[in-house]
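The values are calculated or read from the model by the stated rules, or taken from the named source; none is laboratory data. Quick caveat, the model's predicted, so the values are computed rather than measured. Using ideal geometry, Cβ is built from the backbone for each residue, glycine included, and neighbour counts are taken over all protein chains shown. In case anyone asks, the SASA skips ligands and DNA or RNA and just uses the protein heavy atoms, side chains included. Shrake-Rupley method; radii C 1.70, N 1.55, O 1.52, S 1.80 Å.
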Amino acid sequence: ALVDAERGNELRFSAMVQLDSRLFLEGETATGSKLEDGFLLRRIRPTLSGQFAGLGFRIAPELSGNGTGANVALLDAFVDIPTGRTGFLRVGKQKSAISLDRLRVATALPLVERGLANELAPNRDLGLAWYGQAFSGGAQFVLGLFNGAADGRDVALRDDGGKEVHARVFFEPFRNESSLLNGLGFGVSATAGRKRSEGPGAAASASLPRYRSAAQEEFFAYSSGVVADGHHRRLFPQLSYFHRNAGFVAELGVSEQVLQRESQTRRLRHTAYDVTLSWVPTGQPITFRGVQLTGSESALELGLRASGLRIDPRAFEGGLTRFASPDVAARRAQNLGLGLSWHVNRQVKWSLDVNRTRYQGGAPGGADRQTEDVVMGRFQLVY
Amino acid sequence: ALVDAERGNELRFSAMVQLDSRLFLEGETATGSKLEDGFLLRRIRPTLSGQFAGLGFRIAPELSGNGTGANVALLDAFVDIPTGRTGFLRVGKQKSAISLDRLRVATALPLVERGLANELAPNRDLGLAWYGQAFSGGAQFVLGLFNGAADGRDVALRDDGGKEVHARVFFEPFRNESSLLNGLGFGVSATAGRKRSEGPGAAASASLPRYRSAAQEEFFAYSSGVVADGHHRRLFPQLSYFHRNAGFVAELGVSEQVLQRESQTRRLRHTAYDVTLSWVPTGQPITFRGVQLTGSESALELGLRASGLRIDPRAFEGGLTRFASPDVAARRAQNLGLGLSWHVNRQVKWSLDVNRTRYQGGAPGGADRQTEDVVMGRFQLVY
Amino acid sequence: ALVDAERGNELRFSAMVQLDSRLFLEGETATGSKLEDGFLLRRIRPTLSGQFAGLGFRIAPELSGNGTGANVALLDAFVDIPTGRTGFLRVGKQKSAISLDRLRVATALPLVERGLANELAPNRDLGLAWYGQAFSGGAQFVLGLFNGAADGRDVALRDDGGKEVHARVFFEPFRNESSLLNGLGFGVSATAGRKRSEGPGAAASASLPRYRSAAQEEFFAYSSGVVADGHHRRLFPQLSYFHRNAGFVAELGVSEQVLQRESQTRRLRHTAYDVTLSWVPTGQPITFRGVQLTGSESALELGLRASGLRIDPRAFEGGLTRFASPDVAARRAQNLGLGLSWHVNRQVKWSLDVNRTRYQGGAPGGADRQTEDVVMGRFQLVY
């Protein structure tokens, strides 16, 4: 990072580049065509952050898409306003503190992509959140008010009158002790709000979730004509444990939303889980923030993940007015992934990753969609 | 701003962030649905400017939309080429020097948004303009040639063969004297050109104006099928007066354009006005460039505005081939706004603003659209 | 450029601005309407590059379009990984090393736009390429694997399973001798791959080429319903010679692709050439990288170009199922251009350029489209 500091102010320019490749050994789309191999720009994020007039800020444009296209968007744009000695109010567009997997920074993931539970949580949202802590960080709190994003989505605009409240509490009771339980953390996040699909085509469909596999391939979407129309609640119990060169992160996710199609209203509850293990055979310590390297050390990191997502079966009930078609939308996805990363130094990482995702439903005639086997490679540079 | 200066060259990186919220107490869209509350990224502008090889330049991307969406665009991209000691030629994409309200920098507005007269002037345009002055700045001139933007629009592409000439003259006769009239300025801006709507859908509709309320809600647009087809002229007489901790800015706006629908051609003349008062109860001086703070001073600023916009009644004449539908497009809008800003220091400002906009027409059956009452909040950071 | 260097790392911020104007003396679109004059932002490229942890990198967003619109995109995003002392692997989105004309940097073109042969080569692509050399640079090699871009296109996404191999060999045998032949270079580039149009509307049409004149006006596109469906091969023999204040760059281009419309399959081979002469009457030396100025020198540069592009006649064969319509798509384009540039100093350049493009076919009834005469102006600033 390029840092310019004077008189207590600091401007920091940093950049993160992830160049990926995907090779599908097996797998097909809902319409039966082969999934597309190739190179892609996964994340290109020149970031401006700093301390300024007593405030913190971060502006991060994203110069690439999520693997299916290319675009330029504004990922983060927030200001942190201190509230006393141990808290701050974060105002603007920011990462949602709901899924534990999402809270891992994108540069420190043990596998190339995140797991399935994260698909049920909002990605980023626009609003304000208070971050506080007690017991020297042993208890951490988040309380926020946001526009409200659909599961897995990144909200960049106010899209209806219904807002969403976010809350999170996370404990690391032994954080400041040198015990075996020093690296243990557990907690729960929740959201509650109302959501109403509005506006024409694209805006309305962005107000609904679509769930994607580890290779970012969509396996579930609602049928057209379905709109959000009422309460939306989420609950994410979460647990992490890191000790020396090994780590463990797990969470459950529940997303319950009221939707409407024509005159029918249904409250659907989707559930997911994610269990991820990390191990650094070269011995360096690992934390929630990634492998801790000193000097120009190199390290190997192994990641193993099992995750799953289950759509509420009532989504598929009914005849022509069902909320999702079993011929296109999978009822269940089960992911197993194994990743290997070579940290050349603190700045450069090469990763190679194998993921298998098995589906129930989602193919013509209600058959099971073909299992998706993908090899993903990544080159990562952090400046 | 981060400044890198050497050998007469200077590169300056600055940034402006405006995070807004809108809460509609009352108001609805043309189709009768509620206006959307929420948070929004109003302006995120990392800006690169400087002096270089004897030239000035400015490149300012805009990382957010105008309140209804999100996008990334190039706002300013121009080079200033000196022409003698007191003038310069500005080449590229730049702010149009037509509306006095528009010429106020976005960080120094006494209310959160600009008034209605500004809606009749171009926002930004692509071309060249000569900026000159005489009598030590007592007389200021602008003469420009541009692609030609529709009222309130920002032109980023050449869109037809018809160009537009801009001219502005502004006097501050007592500028260099220490008299009561020291802060008095008056002048007039005008544009003249030809405009022809071309190309399919989006491009054609971007060639026509749409007028928006203080909360950036559209209240007037032409019916589909209307195209620009001939002369477009504007006249903006303008006046400003600043004395100590109070200020006054007023202007009239007239925009007259030849349009066509099917075989009918009409010359429509819309008019608007804007009167804005500023007062700094904490006593700091205020100028056209905003409240002047020294050191780490704080200040309060009050703004009061009345503005109005009247559509040419002939726009609504005729049966099915009228140019605008009275059921959707308002005939007249009348805005009253009151704003309060707390300048924490030169970098940070919080604003809170109440605006009422009353309409004539614009609702089904030609009824008056519901009055729009909006509370707008803003957090502003200038680096 | 703003350079920040420490401990062997270097971050370099540079910027390039090209503000253009176009004035069509003659010329019309396929549908017979006048071509659009006006100002445009041709290239606005703030660029971040550097050396970092032993790697080179470059991130260059493009803040403007190619003359017909405006957008923000990611032009370059690559990392160079050294492979021994004289080679490197370039990973990411990068310029394709196929057309010699394309390899000229955009700031050092003798005319405002490139010639017609370049239209048959890919612009930029996503993948990896090894750059190597032997005999102290006397022989240069490129070998790459890419997603595969259509002729003249810039690929930003993986778009099908068919990849493309790039190869280039270029010789400068007398490069290190002080002989008359010192500035002679010759070589050949080639691509080979498979291409399949996939996905709906926009994505599918981006998988096919469209060819454009010197003024960036499209004169050839396939009829709708045509898709890429098989091999795509290109061959570009190329030659350059620079001596003192004069230079010569020439190339041939052949692009052969298998396409399908309904049940018909055709292998079409388009050909093009480009010959460009540069002369610096003020005497400064010129190389492939442009006029070499020292200190605050000024220079004049003259450029003269003849280039042509010929569509495979079989594209127009057949009745309603022909691959291109002779009423809209030209069969042949012949370009003659003359350019004058005034290098004010190393940073600032003004250019004025006259181009005539004559067409065969491409107008209603299979008539020849009107000759296109355009005067193009450019202001260029390089920081």
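Brief remarks on what is shown
- Here the relative contact order of chain C, from alpha carbon pairs under 8 Å that lie six or more residues apart, stands at 15 percent.
- C:LEU277/A:ASN176 FRET efficiency (R0 56 Å; Cβ-Cβ; nearest 0.05): 0.15
- Taking Lys and Arg as +1 and Asp and Glu as -1, the other residues whose beta-carbon sits under 12 Å from that of A:ALA306 total +2.
- Amide H to amide H distances under 5 Å link C:LEU184 with C:PHE174, C:PHE242, where only residues 5 or more positions off or on other chains count and H is placed in the peptide plane.
- Evaluating 6.51 cos²θ - 1.76 cosθ + 1.60 at θ = phi - 60° for every residue in the stretch C:358-369, the Karplus couplings come out as 9, 10, 10, x, x, 10, x, x, x, 5, 6, 5 Hz, glycine and proline recorded as x.
- Given charges at Cβ of Lys, Arg, Asp, Glu: the protein assembly as shown dipole, positive-most of A:GLY377, A:ALA129, A:PHE288: A:PHE288
- Where only C-alpha atoms are counted, convex hull volume of the stretch B:266-383 per residue in Å³: 127
- Taking Cα centre as origin and charging only the Cβ of basic (Lys, Arg, +1) and acidic (Asp, Glu, -1) residues, the dipole magnitude of the stretch C:2-382 rounds to 640 debye.
- Listed peptides B:285-296, A:40-51 by packing density, highest first (mean Cβ within 10 Å): A:40-51, B:285-296
- Within 10 Å of each Cβ in C:36-46, the average number of Cβ atoms from other chains: 6
- Expressed in Å, the radius of gyration and Dmax of the Cα atoms of the stretch A:19-139 are 17.9, 57.
- In Å, descending, principal axis extents of the Cα set of the stretch A:2-382: 65, 45, 40
- Lysine pairs within the stretch C:2-382, Cα separation less than 25 Å, 8 or more sequence positions apart or different chains: 6
- Put a plus charge on the Cβ of each Lys and Arg, a minus charge on the Cβ of each Asp and Glu, and nothing anywhere else: the dipole of the protein assembly as shown about its Cα centre is then about 280 debye.
- Gyration tensor verdict on the stretch A:93-176 (Cα atoms; rounded if a/c is under 1.5, prolate if a/b is larger than b/c, oblate otherwise): oblate
- FRET efficiency estimate (nearest 0.05) - Cβ-Cβ, B:ARG289 to A:ARG289, R0 30 angstrom: 0.10
- Backbone phi angles across the stretch B:220-237, fed through the Karplus curve with coefficients 6.51, -1.76 and 1.60 (θ = phi - 60°), yield HN-Hα couplings of 9, 8, 6, 5, 6, x, 7, 10, 6, 7, x, 5, 9, 10, 9, 9, 10, x Hz in residue order; Gly and Pro are listed as x.
- Residues whose placed amide H lies under 5 Å from that of A:THR287, excluding near-sequence neighbours: A:GLN292
- Position A:ASN9, label points 7 Å along Cα→Cβ, spacing to each other copy in nm (shortest first, one decimal): 2.3, 2.3
- With the convex hull constructed from alpha-carbon coordinates only, the stretch A:240-297 shows a mean projected area of 5.9 nm² over all directions.
- Note that the protein assembly as shown presents 39 Å² accessible area per residue, ligands and nucleic acids not counted, probe 1.4 Å.
- Placing a label point 7 Å from the Cα of A:LEU352 along the Cα-to-Cβ line, the residues of the stretch A:98-123 whose backbone N sits under 15 Å from it are A:112.
- Per-copy distances of the C:GLY319 label point, shortest first, in nm (7 angstrom along Cα→Cβ): 4.5, 4.5
- Computed FRET value (nearest 0.05) for A:SER14 with C:SER136, which takes r as the C-beta separation and R₀ as 45 Å: 0.75
- Kirkwood Rh in Å, taken over the protein assembly as shown so that all alpha-carbon pairs contribute: 32.1
- For B:ARG58, residues with placed amide H under 5 Å, excluding near neighbours: B:PHE78
- Across the identical copies, the label point of A:THR31 (7 Å from Cα in the Cβ direction) is separated from its matches by 2.7, 2.7 nm, in order from shortest.
- 3J(HN,Hα) along the stretch C:102-112: 5, 5, 5, 5, 4, 7, 10, 6, x, 10, 5 Hz, from the Karplus curve 6.51 cos²θ - 1.76 cosθ + 1.60 with θ = phi - 60°, whole Hz, x for Gly and Pro.
- Note on chain C: dipole from Cβ charges, positive end direction compared against C:LEU63, C:LEU109, C:PRO82; the farthest Cα belongs to C:PRO82.
- The sum of -39500 (n - 2.57) across all DSSP H runs of n ≥ 4, divided by the residue count of chain C, sets its helix-only mean residue ellipticity at 222 nm to -500 deg cm²/dmol.
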